[in-house]
Amino acid sequence: MSQNQLQKLGHKLGVPSLYIAKTKQLIIVKADSKTGFHATCQLFEKDKNNSSLWVLKTGFPVVIGENGFAWGLGLHLEMTPKKMEGDGCSPAGVFELDISFGDSAVVAGSSWPYKTINQEDIFIDDVNSSHYNKFQQKTFNNKDWNSFEEMKRVDGLYNKGIVINHNMNPVKAGYGSAIFFHVWRSKDSATRGCTAMSYENIISLISWLDKAQSPLLIQLPKHISI
């Protein structure tokens, strides 16, 4: 992949050129079909000897929402159909990444910000809450929510994960919450809107991410090329 291809895609999606210019790490998730939940994730790094080229470091299978992709709210222009709360779609578009998280100490060799989760940690999905699409704790005094996502899950899906900055700047009620990279149930099990992968691959992803490289996530439906 060339830098020119990336710039053309960024222009097509309306991503501010500053983000395209400064990124040196790309995560590209591309749906395998127009309607299915299987997708492929590829990790690219800017060529150290030729800034106009990107080098593919690795690729692996992932699963997305049971209803495929709908356009999320990120660095790109708003498009339709839009992702909505509870629609079973993963957000398509261009996004920055927030903290990683998990049930134990930071991933060995990783410099990416990391939060160790416990029984009190939740993520608010109540569209009427002033804390919608944010981390909170069950012990918070001024609760104004009626529903939330448990972060310390018994099924282990959040034993390692990364927050995707979808619908966070600003947060718009009803446009989707708690969008993560996380561990999958299996390669044949869809998510409710996240992007999931094997435990080994999410460990590798967290280890690879580098804040100094300004990584970007690009998630695309089948019909858009790069």
In terms of the Cα gyration tensor, with a ≥ b ≥ c the square roots of its eigenvalues, is segment 5-48 rounded because a/c is under 1.5, prolate because a/b exceeds b/c, or oblate?
oblate
Just give me a number: lysine pairs in segment 1-55, eight or more positions apart or cross-chain, with C-alpha atoms less than 19 Å apart.
10
On a C-alpha basis, how far is the centre of segment 30-109 from the centre of segment 189-205 in Å? Whole number, if you could?
10
Sequence order, segment 169-174: Karplus ³J(HN,Hα) from phi using 6.51 cos²θ - 1.76 cosθ + 1.60, θ = phi - 60°, Hz rounded, Gly and Pro as x, gives 9, x, 7, 10, 4, x
Return the calculated 222 nm mean residue ellipticity for the chain, to the nearest 500 deg cm²/dmol, obtained by summing -39500 (n - 2.57) across DSSP H runs with n ≥ 4 and dividing by the residue count.
-3500 deg cm²/dmol
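Cβ under 13 Å from residue 167's Cβ, residue 167 left aside: what net charge do those residues give with Lys, Arg +1 and Asp, Glu -1? Numbers along the way, then the final one.
Values: positive: 82, 83, 134, 172; negative: 78, 85, 87, 96, 98, 125.
That works out to -2.
Rank these residues by their accessible area, most exposed first, probe 1.4 Å: 38, 131. The partial results should precede the final answer.
Numbers: 38 70, 131 35 Å².
Largest accessible area first, the residues go 38, 131.
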So, by mean Cβ neighbours within 10 angstrom, what's the order for 109-115, 20-26, 39-45 with the highest one leading?
39-45, 20-26, 109-115
Any chance you could count the Lys pairs in segment 95-222 whose alpha carbons are under 25 Å apart, treating pairs 8 or more apart or on different chains as valid?
22
Can you give me the solvent accessible area of residue 28 with a 1.4 Å probe, rounded to the nearest 10 Å²?
10
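Just need the relative contact order of segment 142-184 here, percent rounded to a whole number, with Cα pairs under 8 Å and 6+ apart. Walk me through the numbers before you get to the answer.
Values: 36 pairs, mean separation 17.5, N = 43.
Answer for segment 142-184 is 41 percent.
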Förster radius 30 Å - calculated FRET efficiency between residue 139 and residue 12 (Cβ-Cβ, nearest 0.05):
0.05
Difference of contour (0.36 nm per residue) and Cα-Cα distance, residue 200 to residue 118
27.4 nm
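The values are calculated or read from the model by the stated rules, or taken from the named source; none is laboratory data. Keep in mind the model is a prediction, meaning the values are calculated, not measured. So basically every Cβ, Gly included, is an ideal-geometry build from the backbone, and we count neighbours across all protein chains shown. Side chains included, ligands, DNA and RNA excluded: accessible areas come from the protein's heavy atoms. Shrake-Rupley method; radii C 1.70, N 1.55, O 1.52, S 1.80 Å.
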